Amino acid sequence: MPTISNASFMTSVEQELNQYCQERFIAPEQLSNTQWFQFIAKCSQSTILQNFPTNPPLVNTRRVNYLSMEFLIGRLLGNNLMSLSVYQDVDNFVAKYGKNLVDILEEERDPSLGNGGLGRLAACYLDSMASLSQPAIGYGLHYQYGLFKQHFNESGEQLETGDSWNRDFYLQQYHRPDFQQKVGFGGTVAQITDDQYDWQPAWTIQGEAFDLPVVGYKGVQQPLRLWQGYSETSFDLAQFNDGQYLQAESHVIDAAKLTKVLYPNDNHQEGKALRLMQQYFHCACSIADLLRQHLAQGRTLMELPEFEVVQLNDTHPALAIPELMRILLDQHHLSWEQAWAISSKTFAYTNHTLLPEALEQWEDGLVAQLLPRHMLIIERIDRELLAKVRAEFNDEEFEQAWRETAILMDHRVRMANLCVVGSFAVNGVAQIHSELVVSDLFPSYARLFKGRFHNVTNGVTPRRWIRQANPPLARLLDNHIDGDWTKDLALLSQLENLVDDPHFQTAYQEIKQSNKQVLADVIEQEIGLKVNCNAIFDVQIKRFHEYKRQHLNLLNIIATYLDLKANPQKDFVPRLFIFAGKAAPGYFMAKQIIQAINGVAKVINNDPDMQGKLQVAFLPDYRVSLAEKIIPAADVSEQISLAGKEASGTGNMKLALNGAITLGTLDGANVEIAEFAGKENVVIFGHTVESVRQLREQGYVPRSYYEQDEQLRNAIDALANGMFSDGDTQRFSALVDNLLNSDYFCVLADFASYREAQQEIAERYKDQAAWSRSAMLNTARLGTFSSDRSIRDYQTRIWKK
Ligand code: 26M
């Protein structure tokens, strides 16, 4: 579909190179990698803008406005070259000058405009929508500082520094001054009619649009539109003369601060006013922008839901609902009924978490102060809901049902409730999660709003997570699969017939081995550890959170270490444990776990008895580009959250597709991965959602596990007695106390089962042929976890006209 041919692209590259070098009085051979990067980025961008198609037609679908506070897009250039189908040509071209494209692409700084799974999912979905020509626009924030950079100090603690990604991000973002918006805050409201009010904000902040083109694979380009806060006037002269200088200045500071930094929390809400302001700013700019486009095409407001859908990526953009209502009521003078008819057919909400601490609730006083008109609208939505709940539930049921469904409760605005009430569709992100959304989170809503609840299992883009991250595997697939698997990942099923073909087996094994070698070099470069490439590469890469249970992994490592020390002659399959991930800066327990892993790694890696047997590599500053290096080299994928806590997971899909064996609990998408891969090609352990319930009902006593399991006891004691903290018996006391006395995420209850599962992994690995067969079957059978499939599910279940 792209109108550019490889030959014409390469001709223009050659011409531009001459000019680029002439301007700098330099020969091409002398260009640094940085200069090569800048040069290629420039060529690819002008080609994309001028030649790559935009505006796909609306056929049986609405245009998607994907509202997300996070887009974890990762590096763009390699991806764009691939989408233009010129990657190989450019690689050959730079080779003529003694350069390697992979090294050149390393020059790009990752834009880390997200925390973890939710932000990365948004990026995969933009890629899939552009590749499938699903009309879409991504709306987000142009943070000056992305997610912090992570470092470790001498004692293994996480330190954070700012990520001013934009300073040396070479790819252009297109400033669109014509799309700027004004966003009001605070002030007063006056009633005009029953439905219409006049809001006079106390101050306004300007929103400036920056577009990043998202280039689909053999598809179209569509914008990711990021809003930045800006204040037009450096200070208000009139107020300055009135002696209100400080007040005037505070608004300037607010504007400048507004999009300064991405909040580094993941699955945890902090009730900060600035965060609420960011959320409203994001919604107000995006809703105004989409309405501008809709009306500019000569369409009416009543037609809005026919042409546009707003997909809310969790509750972070929930204020888009009262914002659209406000505009329809106060600016376009529609009646409440008309406005609600439009709004309630426009929004769809995706829930990404069941964790109570992550469900957003805002103090009603704060919302009323900052957004007085929106508060009135939310109150009205709540009143209308009350009538519905009274009608549906009998007197006995009512109180419970209202406690669950009310938007306003105990002086809080419950954003998930606002989203469920204000949307025509609500979905969870994996089968088991979507069931729990209905059964545990919103049972009364499910009764009230029949047909509103859906499942769309998450997916990942095969362009980035196979073709780009794992070029040798991509070549193997190209050579053995009929049709373009990059666009239709279900085609991977053709590999089923090849898993017993010795040539194919050898090729597949060699790829894994060479990827392990590549990662080994990265590990040595990054942390100076020389690793054994024949060891099992056992990988846990994700945000640090107690529910994800990195400390369960750690306890097994300690137990294994103590066992090997006591039994040096023991038959042991060498193992390299690889960790990467960040903790929210204010999350004390997660930071303890990070420090404990670093402490254990130091002791084990420096113990001569462990050389080549047992090693632990904790790579700092986990980010998309690091994930691209780790995932293709993994043998084992650790997905060990407590059942019922991980909504889906997406790293699990990337790892399994790249031939890692999942070692996991029956949680999130692991359940579906196990079904598709076949139970014999994964290793499942631990409590289930149901048995966790029973465990809690009986009264869970973690200490009893400690007392009854000697290996567990020795491992915890080793943490407590300073073995991994230079003799400091206090360093990990909070972690140890927590495990022994509360252990909300049932680490101790799953320890024995996890340890057995780990032994099973080692046993299976001894039979290399059988192991590879399982790995190949994972690749062959998991094509369904492409984000293209997820987008098609959204199209047929949710976005359909
Ligand atoms: C909320 C309020 C204030 C500040 C930050 C937040 C916040 C930010 C990110 C809350 C949650 C955030 O992310 C949650 C998340 O990443 N959830 C993950 O979503 C993935 C995609 O669906 C799933 O695969 C993961 O299981 C789920 O944990």
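The values are calculated or read from the model by the stated rules, or taken from the named source; none is laboratory data. Here the structure is a predicted model, which is why all the values come from computation and not from measurement. Reconstructed Cβ throughout: ideal geometry from the backbone, glycine too, with neighbour counts over all protein chains shown.
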With the condition kept exactly as written, say whether any residue in region 614-632 is within 28 Å of A775 (Cα to Cα) and without any contact (Cβ under 8 Å) to a residue 40 or more places away in the chain.
no
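Does E672 satisfy the condition of being within 14 Å of the ligand (Cβ to nearest atom), among the charged types (D, E, K, R) and surrounded by fewer than 22 Cβ atoms within 10 Å (Cβ to Cβ)?
Answer is yes for this residue.
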Just for region 632-649: of the residues that are over 9 Å from G668 (Cα atoms), among the hydrophobic types (A, V, I, L, M, F, W, C) and part of a loop (DSSP other than H, G, I, E, B), which one is farthest from the ligand (Cβ to nearest atom)?
A634
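Out of A718, A627, report the one residue that is closer than 27 Å to S155 by Cβ and over 31 Å from the mean Cα position of the chain (by Cα).
Values: A627 fails: over 31 Å from the mean Cα position of the chain (by Cα).
Criteria check complete, one pass: A718.
Which fully enclosed helices (runs of 4 or more DSSP H) of region 679-751 have 1 or more residues being surrounded by 17 or more Cβ atoms within 10 Å (Cβ to Cβ) and outside the structural domain of R773 (by the TED database)?
Numbers: elements: 689-698, 702-708, 710-720, 733-741.
Those helices (runs of 4 or more DSSP H) do not exist here; none qualify.
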Against the condition buried (at least 17 other Cβ atoms within 10 Å of the Cβ), touching a Leu at 6+ places or on another chain (Cβ under 9 Å) and hydroxyl-bearing (S, T, Y), how does S83 come out, does it pass?
no
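Which count do you get for residues in region 511-542 that are assigned to a helix (DSSP H, G or I) and over 18 Å from L777 (Cβ atoms)?
Keep residues of region 511-542 that are assigned to a helix (DSSP H, G or I), which gives 511-527.
Then drop every residue that is not over 18 Å from L777 (Cβ atoms), which leaves 513-527.
The number of residues fulfilling the criteria is 15.
Do any helices (runs of 4 or more DSSP H) entirely within region 406-484 hold 2 or more residues that are under 22 Å from L324 (Cα atoms) and of a type outside the set (S, T, Y), and if so, which?
Values: elements: 415-422, 431-436, 443-448, 471-480.
Output list reads 415-422.
Looking only at residues that are within 21 Å of the chain's Cα centre (by Cα) and β-branched (V, I, T) in region 416-460, which one is farthest from A669 (Cα to Cα)? Spell out how you get there, then give the answer.
As a first pass, look at region 416-460 and keep what is within 21 Å of the chain's Cα centre (by Cα): 416, 419, 426-434, 436-437, 454-460.
Next cut, β-branched (V, I, T) only: 426, 429, 432, 437, 456-457, 460.
Numbers: V426: 18, V429: 8, I432: 8, V437: 14, V456: 11, T457: 7, V460: 12 Å.
So, considering only residues that are within 21 Å of the chain's Cα centre (by Cα) and β-branched (V, I, T), the one farthest from A669 (Cα to Cα) is V426.
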Take the residues in region 113-131 that are within 7 Å of the ligand (Cβ to nearest atom) and of a type outside the set (G, A, S); name whichever of them is nearest to H142 (Cα to Cα).
N115
Which condition does R383 not pass, out of (1) in contact (Cβ under 8 Å) with a residue 12 or more places away in the chain; (2) of a type outside the set (D, E); (3) away from the ligand (no atom under 16 Å from the Cβ), if it passes all the others?
(1)
Checking the condition on the phi < 0 side of the Ramachandran plot and outside any helix (DSSP H, G or I), which residue from L49, L17, L58 passes?
L58
Just to verify a result, which residue in region 313-339, among those that are within 16 Å of the ligand (Cβ to nearest atom) and within 22 Å of F185 (Cα to Cα), is surrounded by the fewest Cβ atoms within 10 Å (Cβ to Cβ)?
H316
What residue, among those in region 340-355 that are of a type in the set (A, V, I, L, M, F, W, C) and over 27 Å from the mean Cα position of the chain (by Cα), is farthest from the ligand (Cβ to nearest atom)?
A341
Any idea which of (1) surrounded by fewer than 22 Cβ atoms within 10 Å (Cβ to Cβ); (2) within 16 Å of the ligand (Cβ to nearest atom); (3) farther than 30 Å from A674 by Cα; (4) free of Cβ contacts under 8 Å to residues at least 40 places away in the same chain is the one N417 doesn't satisfy?
(1)
Just the residues that are under 11 Å from L319 (Cβ atoms) and either at pLDDT below 95 or within 16 Å of the ligand (Cβ to nearest atom) (or both), please, taken from region 356-374.
E360, W362, V367, L370
Scan region 269-281 and report the pairs whose first residue is within 23 Å of P356 (Cβ to Cβ) and whose second residue is of a type in the set (S, T, N, Q), with Cβ atoms within less than 7 Å and a gap of 6+ or a chain change.
Q278/T259
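State all residues of region 257-305 that are of a type in the set (V, I, T), within 16 Å of the ligand (Cβ to nearest atom) and in contact with a Leu (Cβ under 8 Å, 6 or more places away or on another chain); if no residue qualifies, say none.
Result: T259, single match.
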